1. Can you tell me which residue is farthest from P162 (Cα to Cα) among those in the stretch 453-478 that are in contact with a Ser or Thr (Cβ under 8 Å, 6 or more places away or on another chain) and in a loop (DSSP other than H, G, I, E, B)?
2. When the residues of the stretch 350-373 are filtered to those that are surrounded by fewer than 18 Cβ atoms within 10 Å (Cβ to Cβ) and among the basic types (K, R), which remaining residue is nearest to E31 (Cα to Cα)?
3. Just a yes or no: is a residue in the stretch 425-439 on the phi > 0 side of the Ramachandran plot and either out of contact with any Leu (no Cβ under 6 Å at 6 or more places or on another chain) or at pLDDT below 95 (or both)?
4. Please go through the stretch 389-443 and give me each residue that is surrounded by 20 or more Cβ atoms within 10 Å (Cβ to Cβ), more than 19 Å from L456 (Cα to Cα) and polar (S, T, N, Q), ordered by number.
5. For V102, are the conditions met, namely being of a type in the set (A, V, I, L, M), at pLDDT 95 or above, in contact with a strand residue (DSSP E or B) (Cβ under 9 Å, 6 or more places away or on another chain) and surrounded by 17 or more Cβ atoms within 10 Å (Cβ to Cβ)?
6. How many residues are out of contact with any Pro (no Cβ under 8 Å at 6 or more places or on another chain) and not β-branched (V, I, T) when one looks only at the stretch 75-104?
7. Tell me, which residue of the stretch 160-178 that is touching a residue at least 60 places away in the same chain (Cβ under 8 Å) and assigned to a loop (DSSP other than H, G, I, E, B) is surrounded by the most Cβ atoms within 10 Å (Cβ to Cβ)?
8. Would you be able to say whether some residue in the stretch 41-49 is within 16 Å of A192 (Cα to Cα), in contact with a Pro (Cβ under 9 Å, 6 or more places away or on another chain) and at pLDDT 95 or above?
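The values are calculated or read from the model by the stated rules, or taken from the named source; none is laboratory data. Everything quoted here is computed from the prediction, not taken from an experiment. All Cβ positions, glycine included, derive from the backbone under ideal geometry; neighbour counts span all protein chains shown.
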Amino acid sequence: MAGGKAGNFIGGRWLAEPETMPAINPATGEEIAQLPNSTRETVNSAVAAAKASAPVWATTPVFKRAEMCVAIAAAVDADRDAIARVLSTEQGKVLAEAQGEVAKAADGFRLAAELVKQMGGQTLPAEDPSKLVMTIRQPRGVYGVITPWNFPVNIPVEYLAPAIATGNTVVWVPAPTTSLVACALMAAIENAGLPAGVVNLVIGEGATAGDAVVVHPDITAIGFTGSAATGQRIAGRGAGKSLLLELGGNGPVIVFDDADLDAAAAAAAGGAFFNAGQVCAATGRVLAHRSIVDSLCEKLVAHAQTHVLGDPFHQGTTMGPLNNAKVAAKVKEHVDDAAANGARVLQGGKPRPDLGSDLFFEPTIVRDVTRDMKINREETFGPVVPVVAFTDEAEALDLALDSEYGLSVGVFTRDVSRGVKIAKAIPAGIVNVNAGSTWWEIHLPFGGGSGTRSGLGRLGGMHTLEAMTELKMISVTIGQEAALA
């Protein structure tokens, strides 16, 4: 693997753990490494290392921290191909997607370096003329960061880069099924010369290592990307800490009768099949006007038929396996439930164990989906496009609003006024008019709408740096004469 290291990284040292767990290649089912299965005591050691490093790192000049982020970006770039191969092997995405993810992770460190140099406070007027009032931003302290398996390089960087840039220290718990590539990323960070204890990697099960981070009294803030159910548990267990939670979605792509159907089909299919649909902002469902649903389904089927399912390293493969058995079981359950209740599977719909493991699932198009089917109401997180028909704008909006989620939405219409009207009416963090639900760039705000199960706060660009800092007001009594001078 990249860097040749596999273990916990605490206080600047690579450490083994008495108990281990296997890292598995989802395309073959083969074991590729043994990794630590860490205890709560190990988490305590990592938190202690982060806490000990926090005062020095917090007072390191901003431009020095920015230089460190640039150095880490260079180290990630230098090891990009090796990290990408570990990522593809362990997560299951095709190599080209893995290479793109690692490149974007390096960009994330460079972005944090630039933005932190632009962070500033304000001077504010006060009713008392003898007071000079200002605000400054300071690091929150020791951040607990818990990250998922679908983008196990880039999503961690969405937290790690802003944390490092703003002067926080970190205890990072990656998803168990993609912890080997976490070691590869950590090795690149180490090679860049990050001081010991600033980022500490602890590998283990979420119920043990993750929970120990969430409840630890010296963890002052928590960043988590993952399922809505786990996010709700973290919010309860971590009550009183600063929380930044990016959770699930089931965002619709709404296609009106005046839409560019070629563009809509391409975006909806791309949003469902990229990374085998394992994307929180994926095309969870397509809401299509009845007058165009037949034509749109034909185009979606054509897109599905272009995909080649197979070994992520084989030339020509466009989709690898799902990452783990739990998500594969849910994808099959949702498709089977829809078919049993009257929906029509137009394309795919079945696992393909003949390709090497039970985790391969065909690119799938399902039409005649109704409101109460699991595939419409829940986050499927697989390569499936469910199509729900609507009659008019009011019904389209009603279907879109009839969801617990509010992460991202795509709306296709040539009527810009209607697109903006729908965008304003849906309580989602992102609404893309004439683009799919997955469109986003790393400097833009990303997160769930209030009152939904899609999270709290915003990732992306300056928004994350602000979330990871404490806004402090300072007043200085300068006297009446100085105030008038």
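1. Residue satisfying both the conditions and the ranking: I478.
2. Looking at the filtered set, the residue picked out is R352.
3. Taking the stretch 425-439 as the starting set, the residues that turn out to be on the phi > 0 side of the Ramachandran plot are 434.
When the remaining residues are screened for being either out of contact with any Leu (no Cβ under 6 Å at 6 or more places or on another chain) or at pLDDT below 95 (or both), the result is 434.
Yes.
4. Within the stretch 389-443, T413, N432 qualify.
5. Details: of a type in the set (A, V, I, L, M): yes; at pLDDT 95 or above: yes; in contact with a strand residue (DSSP E or B) (Cβ under 9 Å, 6 or more places away or on another chain): no; surrounded by 17 or more Cβ atoms within 10 Å (Cβ to Cβ): yes.
Against the criterion (of a type in the set (A, V, I, L, M), at pLDDT 95 or above, in contact with a strand residue (DSSP E or B) (Cβ under 9 Å, 6 or more places away or on another chain) and surrounded by 17 or more Cβ atoms within 10 Å (Cβ to Cβ)), V102 does not qualify.
6. Within the stretch 75-104, the first condition is being out of contact with any Pro (no Cβ under 8 Å at 6 or more places or on another chain), and the residues that meet it are 75-86, 96-97, 99-104.
Next, only the ones that are not β-branched (V, I, T) stay: 75, 77-82, 84-85, 96-97, 99-101, 103-104.
The qualifying residues number 16.
7. N168
8. As a first pass, look at the stretch 41-49 and keep what is within 16 Å of A192 (Cα to Cα): none.
No, the stretch 41-49 contains no residue that is within 16 Å of A192 (Cα to Cα), in contact with a Pro (Cβ under 9 Å, 6 or more places away or on another chain) and at pLDDT 95 or above.
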